[in-house]
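Structure first, commentary second.
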Amino acid sequence: MTAAPVAPAPAPPRLDDSAGRGVGPGPDLLRPPPGARHRAIRWLAGGGVLLTLAASSAIGLDLPTLVAGGEDVANLLGRMVPPELSDPARIATLAVDTVLMAFLGTVLATVLSVPLAFLAARTTTPHPAVATVARGVITFCRAVPDLVFAVLFVRALGLGVLPGVLALALHSVGMLGKLFADAIESADPGPREAVRSVGVGRVRELLNGVVPQVVPAWVSAFVYRVDINLRTSVVLGFVGAGGIGFALQDALRGLVYPKAMGIVLVILVLVAGMELLSVAIRRTLLAPRHPRYGRDRAVRLLVGGAAGVLLVASFVRLDIDPSTLVTSVPDLLAVAGRTFPPDLTTLGPALWEAMLQTLAIGLSATGIGVLLSLPLGLLAARNVAPHPLVYGVARTVILVVRAIPELILAVVFVAAVGLGPVAGAVALGIGSIGFLGKLVADAVEEIPPGPAEAVRSVGGGWWKVLFSAVLPQGMPSIVGSGLYLLDVNIRTSTILGIVGAGGVGFLLFEAVRTLHFQVAGGIVLLVFVVVLLIERLSGWIRAQLS
């Protein structure tokens, strides 16, 4: 009796070049196997817990401190109730100014980001060296926090909304430039080759062959960035860069807590409303086209016209002469030039201690954020929530927390528990709920339903479904989101010292205030290097888990 022929083992999947030749192992072989990925997640989670505990111990954050801090915050909130608005007209004016600052800053960032993106994209750059420089500029703008730019620009241009608008614009280049360049690199080369074949110049080739493909992605990024910049612009007043944050800081300094709570509620409504509006605009502009009807085109023209009117209104209302955007450049360059050569020695050990404290704040806040966000995010997932009411409450909590900028939370906790890194870590940790909670909920909602249905079919209850089907599938995405949160929290923690919540921000603010610009340059350089290293490390780890 002869044995049945054995089928040959399938060849490893390979990547093909444009001619169909195999050039190497495919992505499935480059990705670690599931077992190795799960072991990496366990080791990473264990190491994260140990680092978080060490960081929390270093800044004096422990359970008794958290309990006492909770009581202090409850007492402070009691003193803020009932909220009041003693000058509604002024607050409304500042709120409008804040929205216009966010919009104008994003428009300016878009103007700067488009040419940078074409220079940074591998498919459109004139030379690899040019792409490297452009990518470096984009990375620098992303790594240096917007409030740091605002502090320097206020010193260069004086108090007012112009430094705030320029700070928002420059920092936004870090996000928009990267997203725009990525969209260009992902564009289909076919239309561009077709345009090139008719003999047009390079500019026409890019305008006709690339831009129409990337506009939808650019529009989505622009609208999302307006939403982000609104959250930032509400606190620029803390450093004299205009907006409603100035009124909030004034109320807190005067210990008029009911007035401060009234302003916080206005900010909450403002940011939440902008988030809902941005979602609606993205859906409208990016909806599939219907050639038989002119409605889509009319809507797009209407939105575009409204944006143009809002742009003009921004310059008029904020009293910004468009020419000052150019004439202010020498003053900005002069202040930037005074930061060179960066001085990392004058402050001595205090600088390095403050930087380590900043890292400890970011790590501790991430630990608190994960601890609070994971259960809330699971309950905010439609396919996991045990009841629609639970789902609605969890989503509302996440939305409310997302609407309150971390710096405002830091101000509240400093007022409640006193100056220091504990206030900063707790504020950032609670603020992380709005960020990580949404990411967890979205990741869980996207997992395949099959395993959960299989567990239910054999009589598994809610807890069994959660631990046997939901978490094993969602954990890689959740861990990746947690690493991204660490990156964001360390970046944010670098500026908390401006309001007395610990970290290197206080030294930076003092260096600029006392005109020690080279010291400020050293701090900015150190912040840039640390944030860049953390960003690259967390990005590499996320890539290994994907």
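The values are calculated or read from the model by the stated rules, or taken from the named source; none is laboratory data. Here the structure is a predicted model, which means the values were calculated and not measured. Note that each Cβ is placed from the backbone with ideal geometry, even for glycine, and that neighbours are counted across all protein chains shown.
Of note:
- From 247, 260, residue being in contact (Cβ under 8 Å) with a residue 24 or more places away in the chain and farther than 15 Å from residue 410 by Cα: 247
- Annotation: of all residues in the stretch 316-349 being of a type in the set (A, V, I, L, M, F, W, C) and surrounded by 15 or more Cβ atoms within 10 Å (Cβ to Cβ), the one that is nearest to residue 97 (Cα to Cα) is 318.
- For residue 173, the stated conditions hold: it is out of contact with any strand residue (DSSP E or B) (no Cβ under 9 Å at 6 or more places or on another chain), under 23 Å from residue 103 (Cβ atoms) and either modelled with pLDDT under 85 or not assigned by TED's automatic domain parsing to the domain that holds residue 508 (or both).
- Note on the stretch 60-100: residues that are in contact (Cβ under 8 Å) with a residue 24 or more places away in the chain, farther than 27 Å from residue 236 by Cα and in a loop (DSSP other than H, G, I, E, B) amount to 2.
- Residue match in the stretch 300-312 (condition: part of a helix (DSSP H, G or I), at pLDDT 85 or above, in the same structural domain as residue 229 (by TED's automatic domain parsing) and surrounded by 17 or more Cβ atoms within 10 Å (Cβ to Cβ)): no
Every residue, every condition in (1) among the charged types (D, E, K, R); (2) more than 23 Å from residue 537 (Cα to Cα); (3) touching a Phe, Trp or Tyr at 6+ places or on another chain (Cβ under 7 Å), yes or no:
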| site | (1), (2), (3) |
| --- | --- |
| 142 | yes, no, no |
| 147 | no, yes, no |
| 152 | no, yes, no |
| 160 | no, yes, no |
| 163 | no, yes, yes |
| 178 | yes, no, no |
| 186 | no, yes, no |
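- When 330, 322, 386, 375 are checked against the criterion of being in contact with a Phe, Trp or Tyr (Cβ under 7 Å, 6 or more places away or on another chain), without any contact (Cβ under 8 Å) to a residue 12 or more places away in the chain and either not assigned by TED's automatic domain parsing to the domain that holds residue 508 or not basic (Lys, Arg) (or both), 322 stands alone in meeting it.
- Matching residues, the stretch 180-191, being over 23 Å from residue 107 (Cβ atoms) and part of a helix (DSSP H, G or I): 185, 186, 189, 190, 191
- Check on residue 528, buried (at least 21 other Cβ atoms within 10 Å of the Cβ) and part of a helix (DSSP H, G or I): no
- Count of the stretch 507-525 residues which are surrounded by fewer than 19 Cβ atoms within 10 Å (Cβ to Cβ) and assigned to a helix (DSSP H, G or I): 4
- Given (1) closer than 30 Å to residue 220 by Cα; (2) modelled with pLDDT of 85 or more, index of the condition residue 350 fails: (1)
- Between 113, 57, the distinction of being part of a helix (DSSP H, G or I), surrounded by 13 or more Cβ atoms within 10 Å (Cβ to Cβ) and among the hydroxyl-bearing types (Ser, Thr, Tyr) belongs to 113 only.
- Residue in the stretch 350-371 that is surrounded by 19 or more Cβ atoms within 10 Å (Cβ to Cβ) and not in a helix (DSSP H, G or I) present: no
- When the criteria are applied in full, residue 179 meets the requirement of being over 15 Å from residue 332 (Cβ atoms) and of a type in the set (A, V, I, L, M, F, W, C).
This table checks each residue for (1) assigned to a helix (DSSP H, G or I); (2) within 17 Å of the chain's Cα centre (by Cα); (3) closer than 30 Å to residue 489 by Cβ.
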residue: 124; (1), (2), (3): no, no, no
residue: 135; (1), (2), (3): yes, no, yes
residue: 154; (1), (2), (3): yes, no, yes
residue: 174; (1), (2), (3): yes, yes, yes
residue: 178; (1), (2), (3): yes, yes, yes
residue: 193; (1), (2), (3): yes, no, no
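- The residue that is farthest from residue 212 (Cα to Cα), counting only those in the stretch 250-270 that are modelled with pLDDT under 80 and either part of a helix (DSSP H, G or I) or within 23 Å of the chain's Cα centre (by Cα) (or both), is 253.
- Residue that is surrounded by 15 or more Cβ atoms within 10 Å (Cβ to Cβ), more than 30 Å from residue 149 (Cα to Cα) and among the basic types (Lys, Arg), where the choices are 204, 192: 192
- Residue within the stretch 421-441 that is free of Cβ contacts under 8 Å to residues at least 12 places away in the same chain and not charged (D, E, K, R) present: no
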